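The values are calculated or read from the model by the stated rules, or taken from the named source; none is laboratory data. Keep in mind that what you see is a predicted model, and the values were worked out from it rather than measured. Positions of Cβ are generated from backbone atoms using ideal geometry, with glycine treated the same way; all protein chains shown enter the neighbour counts.
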Amino acid sequence: MALTPTLTINGFIMSPETISKLAIDRTQATPPHKGDRNVIRYTIITLLIVVSAVTTFFFSRNRPVTVETTSVVSFYPTQAFTLLNSSGYVVAQRKAAVASKSTGRLEWIGVEEGSRVSAGQVIARLENRDLEALVRQAEAQQSSAAATREQAQAEATDAQQAFRRQQELLRQGIVSQAEHDTAEARFKRSSAAVSATEAGVRSASAGLQLSRVNLGYSMILAPFDAVVLTKNADVGDIITPLGSAANAKAAVVTIADLGSLQVEADVSESNVSLIKKGQPCEITLDALPGSRFQGRVHTIVPTADRSKASIMVKIRFLERDERVLPEMSAKVAFLEREALPADKRARIAVNPAAIVTVGGRSGVYKVVGDRAVFTPVTSGAKLGDLREVSGISSGNKVILKPLNTMKEGIKLSLPEKK
């Protein structure tokens with residue numbers, strides 16, 4: 001009896017017939033066509049290209065563009081005929097540190113910073129009761145001297161009359177020469193006494209005047225019409241002319257005549273030839289950037305500063321403005337000619353390279369946050385290196401470069417502020 005071969009797998013008995021049924025018939029399989037493989041390959045490549053393009057577009061759209069910007073400025077036509085620019089400070093030409101000629105304790109002060117004072121006005125007062133007592137004493141001495149003079153005059157009158165009688169009696173031979181001489185001597189003594197008492201009266205009057213002057217020194221007066229700039233002392237401080245004592249103050253207040261304000265500017269020696277007395281100027285102050293003041297060269301100081309190689313030029317204001325204060329920093333433009341009314345009006349201007357034409361409209365790309373926004377503008381006259389425009393405000397930032405790739409709403413990478 002013949003044996004049939006078997007195969008046991010995981011406890012199962014597999015016969016040859018069963019194994020033959022599990023075999024793969026490779027003759028039935030159809031090999032893939034070569035063209036189908038190329039289509040699949042091209043499809044995958046196309047999808048990769050599309051995904052790459054979309055990704056590139058997305059990231060390039062959101063990637064900031066580095067730009068160069070410029071500012072829209074307020075341009076004054078006077079800048080077109082300015083010969084020279086200089087800087088300096090506003091200085092009061094009449095200024096004083098008001099102090100007392102005598103030493104004393106400050107008893108009262110009636111002004112503060114910004115107070116307006118008139119010439120002769122009492123600003124402050126020192127303790128002066130001792131000086132008042134000296135004045136009363138001098139007045140009494142003057143009265144005493146006047147009474148002594150009246151007494152001497154009365155005696156002189158009596159002596160004169162007696163002398164005249166003695167002269168008449170001597171001619172008649174009634175009195176002796178000795179009696180006549182005695183009456184004459186008495187008359188001369190009384191006349192001399194009158195002269196002495198008159199000198200005493202004048203001395204007492206001078207003493208009284210001195211006492212009153214010393215009393216007046218305790219009253220600190222304004223020497224001219226001015227405004228108080230600083231208050232340097234308070235009630236209770238010791239005021240002394242030289243301020244040499246410990247904790248003593250020399251000046252009570254500092255005042256200045258604001259009507260005498262001028263700009264003192266330093267001009268290089270090499271540029272002094274461009275300036276002459278009476279030349280029109282335009283003054284700007286850092287504290288008042290929106291205002292321009294008309295001025296004129298008042299004087300050119302006839303000496304040079306060797307350390308700075310410059311000469312001081314003083315420019316006076318043509319019109320007084322209450323906002324202009326001493327020690328303000330100023331800039332002066334020395335003009336070639338007088339400024340006309342139209343030259344004093346500010347105009348909005350921008351670098352003409354920032355103006356582009358988009359869709360038939362002229363405009364600029366204004367920086368709003370970190371985006372570019374197209375803003376239509378109307379161009380005007382040329383102002384030096386700038387172009388007058390309307391439709392945009394001074395101080396706005398506009399894009400200067402690159403403009404050929406600029407688009408509405410594009411994200412910007414702005415240069416860092418230094």
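THR230 meets the conditions (1) over 19 Å from GLU107 (Cβ atoms); (2) hydroxyl-bearing (Ser, Thr, Tyr); (3) not assigned by TED's automatic domain parsing to the domain that holds ARG105 in every case but one. The failed one is (3). Residues in the range 394-417 that are part of a strand (DSSP E or B) and either touching a helix residue (DSSP H, G or I) at 6+ places or on another chain (Cβ under 6 Å) or at pLDDT 75 or above (or both): LYS397, VAL398, ILE399, LEU400, LYS401, LYS411, LEU412. Evaluate the following for ALA133: is it under 30 Å from LYS101 (Cβ atoms), under 60 Å from the mean Cα position of the chain (by Cα) and free of Cβ contacts under 8 Å to residues at least 60 places away in the same chain? Yes, satisfied. Restricting GLN166, GLN209 to residues that are outside the structural domain of LEU325 (by TED's automatic domain parsing), more than 30 Å from GLY114 (Cβ to Cβ) and surrounded by fewer than 15 Cβ atoms within 10 Å (Cβ to Cβ) narrows the list to GLN209. Here LYS366 qualifies as buried (at least 17 other Cβ atoms within 10 Å of the Cβ), of a type in the set (D, E, K, R) and either in a strand (DSSP E or B) or assigned by TED's automatic domain parsing to the domain that holds LYS401 (or both).
Within the range 380-389, at least one residue is exposed (fewer than 13 other Cβ atoms within 10 Å of the Cβ), more than 14 Å from VAL73 (Cβ to Cβ) and out of contact with any Cys (no Cβ under 8 Å at 6 or more places or on another chain).
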